[in-house]
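Below is one structure, written out as structure tokens, with a few remarks after it.
All of the numbers you see were taken from the coordinates with simple rules; none came from a lab. Here the structure is a predicted model, which is why all the values come from computation and not from measurement. Glycine also receives a Cβ, built like all others from the backbone with ideal geometry; neighbour counts cover every protein chain displayed.
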Amino acid sequence: MKKLLFITILFSLLFSSCEKSSDTGLDLPAWLKEKIEDHDEIITSEPDSFLKICAWIKHTWKGKYYFEFYNPISSSFPRVYNYEGEIITESKVLTAYYEERCCKTCIWKGPDYFFD
């Protein structure tokens, strides 16, 4: 059962589009804006940084925004953050989140992010 869930989630991540939103600055919490600024600085100062292929993706779930830091070469699922910047770790909550989330919006992506 876990393998089926993993495969389903993997394929949904691989085949879904990630387009930058025109409202990038509107619904972002301060902690995420700061992380994105840090990522941009690191990419500028370290051209070989793995951040060049990463992305921040926003989803809506149960009427609230959640954010995922997606690193396509990582062997684990993206970390899911709530609006306050807390990482969601409870497996039942994560399973429900992955099954019910919607409205994918790419907030930020590195210049070499390849899952568009």
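Derived scalar couplings between HN and Hα for the stretch 63-77 equal x, 10, 8, 10, 10, 10, 9, 9, 10, x, 8, 6, 8, 10, 5 Hz in order, rounded to whole Hz, by the Karplus curve 6.51 cos²θ - 1.76 cosθ + 1.60 (θ = phi - 60°), x for Gly and Pro.
Whole-Hz Karplus values for the stretch 37-43 come out as 4, 4, 4, 4, 5, 5, 4 Hz, taken residue by residue from phi with 6.51 cos²θ - 1.76 cosθ + 1.60 and θ = phi - 60°; glycine and proline positions read x.
For the stretch 23-116, what class follows from the C-alpha gyration tensor (a ≥ b ≥ c being the square roots of its eigenvalues): rounded when a/c is under 1.5, otherwise prolate if a/b is larger than b/c, else oblate? Here the stretch 23-116 falls in the prolate category.
Of all trypsin sites (Lys or Arg not before Pro) in the stretch 20-116, which ones are in loop regions per DSSP and have a Cβ with at most 14 other Cβ atoms within 10 Å? Kindly include the intermediate steps, with their values, before the conclusion.
Working: sites: Lys20, Lys33, Lys35, Lys52, Lys58, Lys62, Lys64, Arg79, Lys92, Arg101, Lys104, Lys109; in loops: Lys62, Arg101.
Answer in residue order: Lys62.
Database remark: amide H of Cys54 closer than 5 angstrom to the amide H of Gly110 (H placed geometrically; neighbours at sequence offset of 5 or more, or on other chains; Pro and chain starts carry no H).
Under 14 Å from the Cβ of Ile43, count the other residues' Cβ atoms, weight Lys and Arg +1, Asp and Glu -1, and hand me the total. List each step's numbers first, then the result.
Working: positive: Lys35, Lys52, Lys109; negative: Glu37, Asp38, Asp40, Glu41, Glu46, Asp48, Asp112.
Local net charge: -4.
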